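**Q** Can you keep this structure in mind? I'll have questions shortly.
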Amino acid sequence: MELEAVLNDYLRKIGCTAKKLAEESGVSAIQLSRWRSGSRKPSHEMLLRLSAGIAKLSGGTLREDAVARELLETMPAPRRSGSGLGQRLDLLLDALKIHTSEVARVLNFDPSYLSRIRSGKRNPANNEPIIDGVSRYIARRCTSESEREAAAGLIGTDAAALSDGEAYRDALAAWLRSGTPQQALGSADIRSLLSALDSFDLNEYIRAIRIGDGDGAASGMPEARSVTGLRNMMRCELDFFRATALSDSEENVLIYTDMPLTELAKDPAFPKQWMQAVAELIKKGLRVEMIHNVDRPFEELLLGLEVHIPMYMTGRIVPYYLKESNSGPFRHLLEMSGAAALSGEAISGHHAEGRYTLTFDPAEIRYYQKRAAALKEKAAPLMDVFTQEQEEGFRAFLRSEAEKGFYPAPIDMPAFRNVSVQVCHDRWAVISKERAPRVSFVIRHPKLVDAIERFAAPLVD
């Protein structure tokens with residue numbers, strides 16, 4: 001059965017209008033209308049949103065995983081099993097109805113050469129000129145609502161996230177560089193995440209931390225200030241952590257940002273400095289509540305988790321994600337403790353002109369504490385973390401799921417000696433680190449569960 005027929009059938013079953021389903025699923029009414037008419041196909045991410053919306057509106061009569069399975073069965077298989085720039089370029093130009101000759105003229109390439117790249121018969125020695133040129137051209141040319149929706153559906157984001165020209169260009173370039181189409185999203189990134197977890201030794205990490213040692217403590221408490229630019233923001237963030245670690249405050253710490261992680265990671269020293277700074281909070285005994293923005297490009301989301309997930313092993317960092325989409329033109333930062341607050345915002349694509357404020361003023365801290373509390377109300381747990389001391393709780397979770405009829409399938413992971421993975425189809429995934437020390441992560445967010453499930457085929461007894 002075609003997707004449009006399945007969607008219309010579900011609307012009849014639950015007695016719901018298309019407008020109500022769009023609102024509940026977090027998609028636009030125009031998008032849903034085009035999917036129902038068959039003129040557009042949604043991305044995998046959008047299908048999962050629809051599944052959740054249909055299940056909720058059914059009042060419990062329909063299961064989300066069953067709805068998702070039926071919707072996904074209507075989607076066509078990818079035309080080629082390979083990956084790479086040629087396939088992605090082909091999919092992108094097809095989706096936007098752009099001829100090879102038009103792109104070749106803009107990039108000053110031989111049309112036959114570009115056609116061979118698009119078909120996968122040629123691999124360019126340097127992808128960057130093609131990626132940069134195509135991204136810039138499409139962001140400038142394909143600006144109608146229908147074209148942005150087509151591009152957004154292909155690369156797995158919301159059309160609203162492409163309303164800014166620079167953000168549109170950057171999103172296209174990131175997709176062309178680092179991901180295969182939505183049907184095979186995330187394999188390389190998942191491997192990188194598991195590799196980092198496999199080699200991470202929490203005991204060595206904790207032993208290496210010395211609160212109050214080094215240049216930061218010697219210079220005393222940092223100064224309150226307002227700054228512009230990502231580099232200055234990064235310095236303020238490290239100073240926020242240092243001020244919190246050196247203070248007498250024992251209040252929880254909240255961290256939220258939807259700033260571009262790939263830009264921050266371009267400074268090779270910053271991720272290590274960031275981990276060291278957060279580790280000082282952990283060693284002090286503070287609870288760190290970290291709210292993730294999952295509306296990022298997938299490679300950014302995995303980059304963040306690769307840094308964060310080993311630290312979740314301490315049991316002192318609690319991960320959340322925002323249930324509502326935050327795909328507007330603004331990007332935000334809010335970090336809160338009992339001793340300091342760091343806040344800021346920037347226009348998407350113009351992060352270098354963003355403004356950020358670090359304050360230690362008690363009245364301002366109370367204001368930001370209220371904002372942090374309101375933000376946390378809109379968040380849901382990203383995963384459950386079971387440390388070695390909580391092993392019985394993890395076993396109780398598995399028993400409870402089994403009683404409901406949900407059983408995990410193991411994933412073959414020969415490359416990792418210290419990590420095992422189990423997946424319960426369309427429901428949750430478990431990543432377990434076997435030693436140094438043992439810890440299990442129960443991951444529930446659909447985007448991450450899907451990527452882990454696609455990483456390798458489950459073993460069948």
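**Q** State whether the residues of the range 222-245 include one that is modelled with pLDDT under 70, part of a loop (DSSP other than H, G, I, E, B) and farther than 30 Å from Pro446 by Cα.
**A** no
**Q** Name the pairs: first residue in the range 273-297 and modelled with pLDDT under 85, second residue part of a strand (DSSP E or B), Cβ to Cβ under 6 Å, at least 6 apart or on different chains?
**A** If the second residue must be part of a strand (DSSP E or B), the pairs left are His292/Tyr321; Val294/Tyr321.
**Q** Continuing with the same structure: I need a count of the residues in the range 157-191 that are buried (at least 20 other Cβ atoms within 10 Å of the Cβ), at pLDDT below 85 and charged (D, E, K, R).
**A** 2
Listed here are the residues, each with its yes/no results for (1) at pLDDT 85 or above; (2) among the β-branched types (Val, Ile, Thr); (3) surrounded by 14 or more Cβ atoms within 10 Å (Cβ to Cβ); (4) farther than 23 Å from Met311 by Cα.
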residue	(1), (2), (3), (4)
Arg366	yes, no, no, yes
Ser400	yes, no, no, yes
Pro414	no, no, no, yes
Glu434	no, no, yes, no
Arg438	no, no, yes, no
Pro446	no, no, yes, no
Asp461	no, no, no, yes
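**Q** Now, a different point. When the residues of the range 114-140 are filtered to those that are out of contact with any helix residue (DSSP H, G or I) (no Cβ under 8 Å at 6 or more places or on another chain) and not in a loop (DSSP other than H, G, I, E, B), which remaining residue is surrounded by the fewest Cβ atoms within 10 Å (Cβ to Cβ)?
**A** Per the stated criteria, the residue is Glu128.
**Q** Tally up the residues in the range 391-402 that are free of Cβ contacts under 8 Å to residues at least 12 places away in the same chain and within 18 Å of Ala66 (Cα to Cα), please.
**A** 1
**Q** If you go through the range 107-145 one residue at a time, how many are among the polar types (S, T, N, Q) and in contact (Cβ under 8 Å) with a residue 60 or more places away in the chain?
**A** Looking only at that region, the number is 0.
**Q** Looking at Ile155, Ile138, can you tell me which residue is within 22 Å of the chain's Cα centre (by Cα), on the phi < 0 side of the Ramachandran plot and of a type outside the set (Phe, Trp, Tyr)?
**A** Testing whether each residue is within 22 Å of the chain's Cα centre (by Cα), on the phi < 0 side of the Ramachandran plot and of a type outside the set (Phe, Trp, Tyr) leaves just Ile155.
**Q** For residues in the range 141-158 being assigned to a loop (DSSP other than H, G, I, E, B) and not charged (D, E, K, R), which is nearest to Val106 (Cα to Cα)?
**A** Among them, the one singled out is Cys142.
**Q** Within the range 377-400, work out how many residues are in contact with a strand residue (DSSP E or B) (Cβ under 7 Å, 6 or more places away or on another chain) and either outside any strand (DSSP E or B) or of a type in the set (Phe, Trp, Tyr) (or both).
**A** 7
The values are calculated or read from the model by the stated rules, or taken from the named source; none is laboratory data. Note that this is a predicted model, so its numbers are computed, not measured. Note that each Cβ is placed from the backbone with ideal geometry, even for glycine, and that neighbours are counted across all protein chains shown.
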